[in-house]
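Here the structure is laid out as structure tokens; the discussion comes afterwards.
The values are calculated or read from the model by the stated rules, or taken from the named source; none is laboratory data. For clarity, every value in this text was computed on a predicted model and none was experimentally measured. Cβ sites come from the backbone with ideal geometry, for glycine too, and all protein chains shown count toward neighbours. With ligands, DNA and RNA removed, areas are computed over all heavy atoms of the protein, side chains included. Shrake-Rupley method; radii C 1.70, N 1.55, O 1.52, S 1.80 Å.
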Amino acid sequence: MKQHDECRPQNARRYMPGLDGLRALAVIAVIAYHQDLSWAQGGLLGVCLFFVLSGYLITDILVAQWKSKGTINLKDFWLGRARRLLPALFAMLIAVIAWFFLFDPARLSTLWGDVLAAVFYSNNWWQIFQEGSYFSSFGPPDPLIHLWSLSVEEQFYLVWPLLLGLGLCFIPKQGRLVGLIAILAMISAVVMAVVYTPGLDPTRVYYGTDTRAFSLLIGAILAFIWPSRRLPANLTPGGRIRLDVIGGAALLLVLWMICRSNHYQPFLYYGGLLLFSIAAAVVIAVLAHPASRLGRIFGFKPLRFLGVCSYGIYLWHYPVIA
């Protein structure tokens, strides 16, 4: 439900249509990449957009709850995530199993491990331990390989509320807590650079929760310094221009990297993904602001519709392609 900012209670959730538009961009980029379209060589970065966005929205909700009630209701949070994510996931898994049972039963034996990994949100580590490759395949495509990213996000949903609650409890000064989160993000980015070996398949660093956490944590930092409920609806004309210029510049960088990056470029793993995550955070900050013209553009109804459906689209697109 939309409300005017001046009438909205401090702890009320504010709908940000521009962020749904950004979800649409992210899922379009991923699908274009999986379809091997030449203009989206870096479409895999759409997942990075999802990570930063999830880090921002989840932390924004949890911090607002802490400031409003002095606690984080872990049970309600986890049950809410389960109700939103699990039914659609189970429906897709059942459909994939049924398809293999009817049309390719010989591959069923190799599918069960992927299904269990998907159910327990450990697909990324399962793929790593299986030494599978996200970037090259010598057999029939794995219809569940795309679930690695959902596993990373769900692991974040399980662990982050606990860590954030401890941080808010024992580190009352926000600046110190944000600094600690920034250190953790930098450690994750450094681990990516250390683990990556130029010339070898980068699947390990691409899949790892440890090597991808910085995107989620950058979104979390943004939630502290740019809380959605405290953004003013009115800005001076100059302030609005600056907001949109900064957001437009960051968006151009995001689009350029989606179009021009390549998953084998060492630059991506030596800071490129970190740079992209920071640019994505800037775009999110601008789209979340109620005075942003860029936010209104991304709130265009067809984009918003795709964004609202992006989770289901992401779940189903790769099994359909495979």
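Here are the numbers for the structure shown:
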| quantity | calculated |
| --- | --- |
| The stretch 1-53: number of residues that are modelled with pLDDT of 95 or more, open to solvent by 10 Å² or more (accessible area, probe 1.4 Å) and of a type in the set (F, W, Y) | 2 |
| Residue that is most open to solvent (accessible area, probe 1.4 Å) [pool: residues in the stretch 137-170 that are without any contact (Cβ under 8 Å) to a residue 12 or more places away in the chain and small (G, A, S)] | S137 |
| Helices (runs of 4 or more DSSP H) (entirely within the stretch 62-136) containing at least 1 residues that are closer than 19 Å to H317 by Cβ, among the acidic types (D, E) and open to solvent by 50 Å² or more (accessible area, probe 1.4 Å) | none |
| Matching residues, the stretch 162-176, being in a helix (DSSP H, G or I) and either more than 14 Å from G219 (Cα to Cα) or touching an Asp or Glu at 6+ places or on another chain (Cβ under 9 Å) (or both) | L162, L163, G165, L166, G167, L168, C169, F170, Q174, G175, R176 |
| Filtered residues of the stretch 191-202 (kept if within 19 Å of the chain's Cα centre (by Cα) and open to solvent by 10 Å² or more (accessible area, probe 1.4 Å)) | none |
| Residue in the stretch 180-195 that is farther than 24 Å from L268 by Cβ and either at pLDDT 95 or above or in a helix (DSSP H, G or I) (or both) present | yes |
| Condition met for V205 (of a type outside the set (S, T, N, Q) and open to solvent by 70 Å² or more (accessible area, probe 1.4 Å)) | no |
| Test: residue in the stretch 258-270 that is among the aliphatic types (A, V, I, L, M) and under 14 Å from the mean Cα position of the chain (by Cα) | no |
| Filtered residue count, the stretch 233-265, keeping only those that are in contact (Cβ under 8 Å) with a residue 60 or more places away in the chain and either exposed (fewer than 15 other Cβ atoms within 10 Å of the Cβ) or not in a helix (DSSP H, G or I) (or both) | 6 |
| Members of the stretch 39-51 found to be farther than 15 Å from D20 by Cβ and part of a helix (DSSP H, G or I), listed by number | W39, A40, L45, V47, C48, F51 |
| Per-region count, the stretch 291-305, residues surrounded by fewer than 18 Cβ atoms within 10 Å (Cβ to Cβ) and either more than 13 Å from I241 (Cα to Cα) or in contact with a Ser or Thr (Cβ under 7 Å, 6 or more places away or on another chain) (or both) | 6 |
| When residues of the stretch 171-190 are limited to those that are within 19 Å of the chain's Cα centre (by Cα) and open to solvent by less than 30 Å² (accessible area, probe 1.4 Å), the one nearest to D60 (Cα to Cα) | I181 |
| Number of the exception - G199 against (1) assigned to a helix (DSSP H, G or I); (2) under 28 Å from L273 (Cα atoms) | (1) |
| First in the stretch 78-102 and within 15 Å of G113 (Cα to Cα) and modelled with pLDDT of 95 or more, second anywhere and open to solvent by 80 Å² or more (accessible area, probe 1.4 Å) and assigned to a helix (DSSP H, G or I), Cβ under 9 Å, 6 or more apart | I97/W112 |
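Matching residues to (1) modelled with pLDDT of 95 or more; (2) acidic (D, E):
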{"site": "G199", "(1), (2)": "no, no"}
{"site": "V205", "(1), (2)": "yes, no"}
{"site": "D210", "(1), (2)": "yes, yes"}
{"site": "F224", "(1), (2)": "yes, no"}
{"site": "D244", "(1), (2)": "yes, yes"}
{"site": "L251", "(1), (2)": "yes, no"}
{"site": "F276", "(1), (2)": "yes, no"}
